[in-house]
Structure formats: structure tokens, C-alpha cells
1. What number of residues within the range 175-188 satisfy the criterion of being at pLDDT 90 or above and outside any strand (DSSP E or B)?
2. For the range 50-77, name all the residues that are farther than 19 Å from residue 171 by Cβ and hydrophobic (A, V, I, L, M, F, W, C).
3. Residue check: is residue 92 closer than 30 Å to residue 125 by Cβ and at pLDDT below 85?
4. I'd like the full set of residues that are among the basic types (Lys, Arg) and under 39 Å from the mean Cα position of the chain (by Cα), limited to the range 98-141.
5. Quick one: is residue 191 surrounded by fewer than 16 Cβ atoms within 10 Å (Cβ to Cβ), at pLDDT below 90 and in contact with a strand residue (DSSP E or B) (Cβ under 7 Å, 6 or more places away or on another chain)?
6. Sort out for me the strands (runs of 3 or more DSSP E) sitting completely within the range 133-174 that have 2 or more residues that are of a type in the set (D, E, K, R).
7. Of all residues being surrounded by 13 or more Cβ atoms within 10 Å (Cβ to Cβ), closer than 20 Å to residue 97 by Cβ and hydrophobic (A, V, I, L, M, F, W, C) in the range 109-144, which is modelled with the lowest pLDDT? Just the residue, please.
8. Here is a list of conditions, (1) more than 21 Å from residue 172 (Cβ to Cβ); (2) at pLDDT below 90, and residue 147 meets all of them except one; can you say which number that is?
Amino acid sequence: MSCEQNGLHNEEEAKVTGEIEGSPEDPEDKDDVQESLEEKLAAKEKELDELNQRFLRLAADFENYRRRTRQETAEIRRTANERLLRELLPIIDNYERALEAAKKELPENMYTGIEIIYRQLCNLLAQEGVEAIESVGKPFDPQYQEAFQRVETSEYPEGTVTAEVKKGYLLQGKVLRPALVIVAKSKETEKENSCCKGANEDE
């Protein structure tokens, strides 16, 4: 082999060797590629976590918004119903008085027809959450009743409601209109009040 041929051979060998050394199969290059991929993967995982956190916050905000909207809608409906139902109560009172009079004056078949309409009206109120306050025979409770009069009686213990002047009603458990009632008092209480009044006048 001539010197010229030998030099050409060495040059080609060096070129091939350089290509091999600089190829992607080099361990150092493989490490660099792997490190770059890991960095990109970590960045994507971080981005995904941030997006997931944003989604969870938005979902929580939306659920809170839905809950507030439901509560506000229910409150608006309840307030509107409360006003209307309160205005209906005097009509119910008059209807009950009319029924009482009709029972004495009208034939039974006519009275029954009027009573059916009254029951339909009461059923409508019940569907809206209106219920009558049970007062007679129970201890006077200022939360549910207003005292119209105190009467001396031996039929009921002192402080017991003996009669209703005007029926009271609840709406969803809340007082729509307190009952106007007559409350029992004992003779001893009346005597004590009279003695105290006389003593005060003497002073």
C-alpha cells in the first residue's frame, strides 16, 4: 500500500470513528436526552397538577354558587308566599265564621258544599306548609300566642289557654300569625293582685 493510499485509509477510518463517537448512541448523549425528557415530563406533570387544582377550585366555586342561588330562590319564594298567606288568613277567619253561621241557618246539603270548599282551601294552605297552632288546653307560650284576656276559672290550671279569640298559624315551623287567646288565672292570683293594688293606693 502506498503512502497516499495509507493516508486516505486513515482519513476514512478517523471519519467513521468520529461519526460513531458523535452518534446518539453515545452514553453521554443518551443521558442528556433522558434528562431533557424527564424535565419536560416534570414540567407537564406540574402543569397538569396546576390545571387540576384550578378545576377543583372552579368546581367548588360553582357548587357554592348553586347552593347560594338555591337558598336565595327559596328565600324569595318563602317571603313572597309568606306575605300572600298572611293576607289570606283574615279570609280564612271570615270563612270559618260564615261556616259557623251556615251550620245553623242553611240546609245540610248546602252547608256540606260550603264545607268542602273550605277544606280545599285548608288543604292548599297545608301544601304550602301552613298549619294551625294548637293552643287550647296548653300552657300559654308568648312565642306562639298573645294574651287577649285573663279569666278566673277552676276548669284549667293557671296560665293555661282556655279559648282562642283568633286562631294562630305556623309557616314551615315559623310563626306566621300568633294566636290571640284567653288565659286562665286562679282566684288566689286575683286576690293577691287586689291586695297589692289596695296597698299601693293606701301608700
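1. 1
2. 51, 55, 56, 58, 59, 60, 62, listed by residue number.
3. So residue 92 fails the test.
4. 119, 138
5. no
6. 145-152, 161-166
7. So the residue we want is 114.
8. (2)
The values are calculated or read from the model by the stated rules, or taken from the named source; none is laboratory data. Note that the structure is a prediction, hence the values are computed from the model and not measured. Don't worry about glycine lacking a Cβ; one is built from the backbone with ideal geometry, like all the others, and counts go over all protein chains shown.
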